[in-house]
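The values are calculated or read from the model by the stated rules, or taken from the named source; none is laboratory data. Since the model is a prediction, treat every value here as computed from it, not as a measurement. Reconstructed Cβ throughout: ideal geometry from the backbone, glycine too, with neighbour counts over all protein chains shown.
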Amino acid sequence: MNVVISVDMEGVCGVASWVQVSPPEFGGLVNGAEYQAARERMTLEAAAAAEGALAAGATGVLVNDSHDTMRNLIPELLPEAARFTSGNDKPLSMVQGVQEGEVGALLFVGYHARAGSPRGPLAHTWNGFVRNVRINGRDTGEYGLNALLAGHYGVPVVFASGDDVAMAEIRAELGEEVVCVAVKEGLSSFAAIHLHPREAQRRIRAGAEAAVRAAAQARPYTTRWPATCQLSLNHQARADAAERVPGVTRLDPLTVGWESPDAYHLFQTFRMLAKVAEVRLDG
């Protein structure tokens, strides 16, 4: 059985500020040393999950860099048996690889809570201007979108690590059978109580191993199809742009909606709308 590990950065142990997760080449509120430290911990947590999956008998592990530019991993810190992806122009984005043959499990590492979640450190969905995503009446975040897309290819989510708020949301939506490891306790949007990084890595390794051992009993996540989808944005100008996409309807000043026949259509439509909504707000 092959395994895909989707690794983000906001949910990594020790991270509680945008300064820590912002690649320095873009300027602005960034700090190269802080980013480098978070990048290293991100890679070590992914490595711990990979080691656990391999110990459980995975025949192949693909680590998919899923944060921002998707060029954050330090390859030399990964197990030599693992492959990895980098670069942000990937057809399946954060879950690139689930479409490959014989993939039996998807693991989330460094995941965060959805936009608007109280106490969720750096809680957001996709970017800074998505306020909410709702599918068949249920609010979700990146974890739900990614789980549905993986489910389209028959791949279940079996493991997740990140902050405690995100872990609670994942268990509530994807099911209690998902092995969840909280590496920090959220205090606010920009504060958390963290485990020691090495302890976080030990728990991730153990949790990933247990999850992959039980993966044969896991079921892919799905919903009712066709699905009713809604995307709420933080400014009416963004909704103005999004509603011009064929098949998309304006539902209120900040929200657009559409119907998707399957998870692939849902994900790619969401991704396109998020891109279309990147409009200048200064006229």
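Here's a check for you: in the range 37-80, which residue that is of a type in the set (S, T, N, Q) and under 19 Å from the mean Cα position of the chain (by Cα) is farthest from ALA160 (Cα to Cα)? Please lay out each step first, then the result.
First, the residues of the range 37-80 that are of a type in the set (S, T, N, Q): 43, 59, 64, 66, 69, 72.
This time we only want the ones that are under 19 Å from the mean Cα position of the chain (by Cα), so: 43, 64, 66, 69, 72.
On the way: THR43: 15, ASN64: 14, SER66: 14, THR69: 21, ASN72: 19 Å.
For the range 37-80, the residue satisfying everything is THR69.
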- Being surrounded by fewer than 18 Cβ atoms within 10 Å (Cβ to Cβ) and of a type outside the set (Ser, Thr, Tyr) is the filter here, so list the residues in the range 219-240 that pass it. ARG219, PRO220, ARG224, TRP225, PRO226, ASN234, HIS235, GLN236, ALA237, ASP240
- Please name all residue pairs, on different chains or six or more residues apart, with Cβ atoms under 7 Å, provided the first residue is in the range 238-256 and is under 20 Å from GLY137 (Cα atoms) and touching a residue at least 60 places away in the same chain (Cβ under 8 Å) and the second residue is of a type in the set (D, E, K, R) and outside any loop (DSSP other than H, G, I, E, B). LEU254/ARG131
- Scanning the range 22-54 for residues that are modelled with pLDDT under 95 and among the hydrophobic types (A, V, I, L, M, F, W, C), the one surrounded by the most Cβ atoms within 10 Å (Cβ to Cβ) turns out to be VAL30
- Quick one: which strands (runs of 3 or more DSSP E) sit completely within the range 84-200 and have at least 3 residues that are modelled with pLDDT of 95 or more and buried (at least 18 other Cβ atoms within 10 Å of the Cβ)? 103-111, 130-135, 157-163, 179-188
